[in-house]
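J.: Would you mind keeping the following structure in view while I ask a few things?
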Amino acid sequence: MPLVRIDLVEGQSAEYRGAIADEVYKAMTSTMNVPANDRFMVISEYKSSDFIADPTYLGISRSRQCVMIQITLNAGRDVDKKRAFYQALADGLHARIGLRREDLFVNLVEVAKENWSFGNGIAQYT
């Protein structure tokens, strides 16, 4: 059910980008009850001038290595699951690729189940 969009400044290796995708999937399945094989992701890179992340908003010191992750998913997860996801993702990315926790920006977009079609012109969740 989740659709993941990963945005970052250009110049990272395919392995680095793949590791981010892997860690997002791992955190989703371990904390938010996302089923196995439910993996739909796009990764986009931008020129530095086209990627804007305020370096000090809310007192968080962000670098140019900031990664933005937006996930569209079914509505209904409680705040504790979301907090566990944010923490698991920050910890996983830090451990695997050395991403500073300050450089992870996550946005969850919740939608109703009827807003999905995984193919064949059918709304599989209705």
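Read-outs: derived from the displayed coordinates by stated rules, not from any lab. Keep in mind that what you see is a predicted model, and the values were worked out from it rather than measured. Cβ atoms come from the backbone with ideal geometry, glycine included; neighbour counts cover every protein chain shown.
J.: Nearest-5 percent of antiparallel DSSP beta bridges in the chain? All intermediate terms of the calculation are to be shown ahead of the outcome.
T.: On the way: 6 of 20 bridges.
So the antiparallel bridges amount to about 30 percent of the total.
J.: Note down the relative contact order for region 7-92 as a percent, whole number, built from C-alpha pairs under 8 angstrom at least six residues apart.
T.: On the way: 61 pairs, mean separation 40.1, N = 86.
Value for region 7-92: 47 percent.
J.: How tilted is helix 14-31 with respect to the longest principal axis of the chain? Cα atoms for both, answer in degrees (0 to 90, nearest 10).
T.: Long axis of 14-31 versus the principal axis of the chain: about 50 degrees.
J.: Please identify which residues in region 33-60 have an amide N closer than 14 Å to a label point set 7 Å out from the Cα of Arg101, following the Cα→Cβ vector.
T.: Those under the cut-off are 60.
J.: Working from the pairwise distances between different alpha carbons, so that the mean of 1/r is found and then inverted, what is the chain's Kirkwood radius in Å?
T.: Details: mean 1/r = 0.0648 Å⁻¹.
That comes to 15.4 Å for the chain.
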